[in-house]
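Here's the structure, in structure tokens; my notes come after.
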Amino acid sequence: DHGHHAMRLGTSGGLANARYFQELQYKFAYHDLMNDDTGYKRFSHVSFPEIRLRYYTDTGKLNLEEFYGVGVTSLFPMNFLEKRISWKVEIKYYTPKDFGCPDCHAANLTTGIGASVNFFSPRYIFYTMGIINAEIAQSLHNGYRFNPRARVSTIMNPVGRYKLALTGDAVADLFQDDRQRTYYEFSVDQSIGLSQEWDLRLSTQYILPTTDRDNRYREAKITLNHYF
């Protein structure tokens, strides 16, 4: 009764490589890792479906940024008695940020397994995960790619409805002779639950390639979400 409602409507504004954009998003359900956990299992993620539209003011173009079909992340903190693995799976159609192409799209299937632990309190969780992404896209040299990644992340809920997540990925982009073989992704996400119906989020993302010929990607945005 005290948890946030399932449906979400959000609006965002931000910068992507110094280009200003605006976003509108709608999600049918249910709960993600950055939501206030009141009324839900702590640090759980079950989402389906979600659509995000992005408008770049310099070009006047409206782009389908992401259609998120379904996603589940289960983080089970290990202890002396239980050694359950953590895992995730998601299906989406989205705009990859390492392409250097804001109009390109790819169909993506992601699976991963790993381990999680609590740091001194249930409010702090640390996890590592091995993740495999399989993607299909016309903009890829072979029309497909496999890019496994190693993830290290921590999610903190130090006080009240505030959350902070720090994530780093080392990514291998396989079977793409015309692209970099490895790159790194870093993200910082913050959220604060303003009430049962509202939350505010600030997110930053940074992609660091390992070769000079590939573009770096930097994004920062602020989002206001309404739940109903």
Check: On the given criteria, is ASN79 within 24 Å of SER116 (Cβ to Cβ) and either more than 18 Å from the chain's Cα centre (by Cα) or β-branched (Val, Ile, Thr) (or both)?
Finding: yes
Next item on the list: Please find, within the stretch 102-161, the residue that is nearest to ASP173 (Cα to Cα) out of those that are in contact with a Pro (Cβ under 8 Å, 6 or more places away or on another chain) and of a type in the set (A, V, I, L, M).
Entry: ILE132
Check: Before we move on, is LEU194 free of Cβ contacts under 8 Å to residues at least 60 places away in the same chain, open to solvent by 60 Å² or more (accessible area, probe 1.4 Å) and under 30 Å from HIS5 (Cα atoms)?
Finding: yes
Note to self: If ASN35 meets every condition in (1) part of a loop (DSSP other than H, G, I, E, B); (2) more than 21 Å from SER187 (Cα to Cα); (3) polar (S, T, N, Q) apart from one, which number is that one?
What the structure shows: (2)
Note to self: Out of ALA29, ALA18, ALA6, I need the residue that is under 20 Å from LEU200 (Cα atoms) and either open to solvent by 60 Å² or more (accessible area, probe 1.4 Å) or free of Cβ contacts under 8 Å to residues at least 40 places away in the same chain (or both). Which one?
What the structure shows: ALA29
Next item on the list: Restrict the check to the stretch 68-78 and report whether at least one residue is aromatic (Phe, Trp, Tyr) and in contact (Cβ under 8 Å) with a residue 60 or more places away in the chain.
Entry: no
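The values are calculated or read from the model by the stated rules, or taken from the named source; none is laboratory data. If you're wondering where the values come from, they're calculated on a predicted model, not measured in any experiment. Cβ: placed from backbone, ideal geometry, glycine included. Neighbour counts: every protein chain shown. Quick note on the areas: whole protein, heavy atoms, side chains included, nothing else; ligands and nucleic acids left out. Shrake-Rupley method; radii C 1.70, N 1.55, O 1.52, S 1.80 Å.
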